[in-house]
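Right, one structure below, let's go through it.
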Amino acid sequence: MKRKNIDELESFIKKFEGELPPEAILKEDILRQGIFFEEIPRDEKFSGKSYFIFSFNIDNDRDVISAKFPEEIAVINGPYDLRKTIISVRINKCSPYRVGYSKESGKFVLTLDGIYVADVVFSPEKSYMLEKTPSGKSVRDIAPTIEWGYLIYLAVFRMCQYFEVKEECGFCDMNSNYLNQKKHNKNYSAVKSIEDIIEALEIIGSSNDSTAGAYTLTGGSIIDEIKFKGDSEVDFYVRFLERVEDKFKGRWLSKVVVQAHDRKNLKRLKDAGASIYHTNFEVWDEALFEKICPGKSRFIGRNEWIRRIVDAVSVFGEYRVIPNFVGGVELSRPFGFDNIDDAINSTSEGLEFFMSRKVIPRYTTWCPEKTSALGKLGNKPAPLEYYARLLIKWHELHDKYNLPVPEGYGEAGPGKAEFSVSAFMDAFKVPSAV
Ligand code: SF4
């Protein structure tokens with residue numbers, strides 16, 4: 001049995017000891033490489049992948065979509081004495097990370113290169129996930145929860161119009177995921193109705209096992225208003241926000257993910273009840289932004305996108321503007337950097353630009369979904385060293401500008417973090433968690 005992957009993991013755990021918790025390094029490695037499940041007994045109860053927006057799978061073929069895999073896993077114990085670490089499940093049939101059932105221990109276990117790494121727990125199935133709305137819609141489908149139940153994810157438009165003009169972001173598989181899901185689930189709709197959302201939220205809100213603390217309202221970009229009966233993107237999302245906030249104000253922290261808008265439209269979002277504004281920047285380097293995000297580049301433009309992010313602080317307040325970067329995509333072929341130093345230097349420049357202006361950029365760990373444009377080019381995950389260094393850099397800058405833990409991401413620190421698609425929340429040095 002080859003030990004290439006486990007040797008690398010262990011060398012990074014050792015190299016970054018004292019700077020990064022082992023949980024954060026393992027999490028990044030699983031997120032970038034994906035994971036596979038050797039077996040899941042049929043009677044096992046857990047929250048299955050709801051394919052709420054992107055596939056987040058490296059492999060996304062018929063076998064994968066028609067099987068039930070957990071939305072997230074938590075890894076714990078094992079030879080590294082891991083504290084509970086919640087990780088989003090990204091299916092990769094060839095991943096060196098495998099989950100199987102150990103008859104010996106009576107538990108699910110994670111192996112790397114065939115070697116035991118940790119015990120595994122699947123994301124819990126909550127009572128509301130099994131409910132149907134009065135109009136017969138599945139609550140799990142209309143209002144799935146992720147981050148171990150902390151975040152209600154309201155993707156109300158599950159396609160993005162940048163695809164229609166062939167200018168989608170290179171790492172994104174949103175529209176192909178929609179089409180794949182639609183083949184397997186007749187009820188999987190591109191646009192959700194406000195009534196369905198309200199009914200599903202009523203069920204979650206009145207359940208006694210919900211631990212939700214926030215919701216995200218999001219969906220694809222809208223650039224063709226004619227197809228939306230004359231609605232602009234802001235018109236469309238504001239209508240959802242107003243209804244949800246009108247009914248549930250204060251029940252959950254509200255977050256909205258849309259394109260970068262001008263101040264007038266930002267005020268509309270804020271007045272409708274948005275507390276946190278995410279307008280994702282994806283990749284900092286100027287040339288890469290144009291190549292990897294052609295729609296964003298043409299319809300709004302990089303400089304304007306940056307200007308609007310900074311301007312949004314005057315509307316939403318300090319630390320309440322949180323743009324996302326897709327960590328690792330700056331190393332993708334054919335346009336990306338060919339070495340880790342340049343990738344880290346470039347992204348650090350972007351992180352510092354925003355953090356010095358009271359914006360808290362965050363990042364998600366890129367996994368090259370095979371049905372995205374970059375996946376189709378055969379891209380492989382960015383190296384683990386890149387992710388370890390990005391984590392250190394993010395926290396160094398976060399400390400330098402004395403920023404708070406970002407709101408709307410649940411708990412921070414190893415053993416506590418709920419955010420499942422990168423380890424930046426796990427790497428906080430929280431006194432009670434170390
Ligand atoms: S803006 Fe880019 S990342 Fe977002 S849904 Fe559209 S193509 Fe995908």
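What follows draws every value from the coordinates through simple rules; no lab data is involved. Treat the numbers as computed from the prediction; the structure is a model and nothing was measured. Every residue, glycine among them, receives a Cβ derived from its backbone with ideal geometry; neighbour counts consider all protein chains shown.
Springs between alpha-carbon pairs under 10 angstrom, Gaussian network model over the chain: which of Ile360, Ile203, Ile73 fluctuates most? Looking only at Ile360, Ile203, Ile73, the biggest GNM fluctuation is shown by Ile203. In plain terms, the bigger the Kirkwood radius, the slower the diffusion; for segment 299-434, with that radius from Cα pairs, at 4 °C and 1.567 mPa s, Stokes-Einstein puts D at 81 µm²/s. Picking from Leu26, Val421, Tyr97, whose Cα lies most toward the positive end of the charge dipole for the chain (charges on Cβ: Lys, Arg +1; Asp, Glu -1)? The Cα lying farthest towards the positive end belongs to Val421.
Share of Cα-Cα pairs in the chain beyond 32 Å, in percent? Cα-Cα pairs in the chain separated by more than 32 Å: 33 percent. Here segment 57-123 and segment 239-265 have alpha carbon centers that stand 35 Å from each other. With respect to the cross-link table entries Lys166/Lys376; Lys49/Lys376; Lys84/Lys429; Lys15/Lys393; Lys4/Lys107, which display a Cα-Cα separation exceeding 19 Å? Result: Lys49/Lys376; Lys4/Lys107 exceed 19 Å.
Taking the Cα centre of segment 1-149 as origin, sum charge times position over the Cβ atoms of Lys and Arg (+1) and Asp and Glu (-1), and report the length of that vector in debye to the nearest 20. Walk me through the intermediate numbers first.
Numbers: 23 positive and 25 negative charges, 68 e Å.
Rounded to the nearest 20 debye, it is 320 debye.
Using only Cα atoms, what Kirkwood radius does segment 192-304 have, in angstroms? Taking every pair of different Cα atoms in segment 192-304, averaging 1/r and inverting gives 15.6 Å.
Note on the chain: GNM, Cα springs under 10 Å; of Val120, Val256, Val405, the largest mean-square fluctuation is that of Val405.
Pairs of C-alpha atoms in segment 110-154 farther apart than 12 Å represent 68 percent of all such pairs. Normalising the Debye intensity of segment 230-277 to I(0), with uniform scatterers on Cα atoms only, and taking log10 at q = 0.15, 0.26, 0.32, 0.33 Å⁻¹ returns -0.34, -0.97, -1.35, -1.40.
For segment 336-359 and segment 153-232, what is the separation of their Cα centres, given in Å? So the separation of the two Cα centres works out to 30 Å.
Global dimensions of segment 4-122 from alpha-carbon coordinates: Rg and Dmax equal 14.0, 43 Å.
Charges were assigned to the Cβ only: +1 to each Lys and Arg, -1 to each Asp and Glu. The resulting dipole of the chain about its Cα centre is roughly 720 debye.
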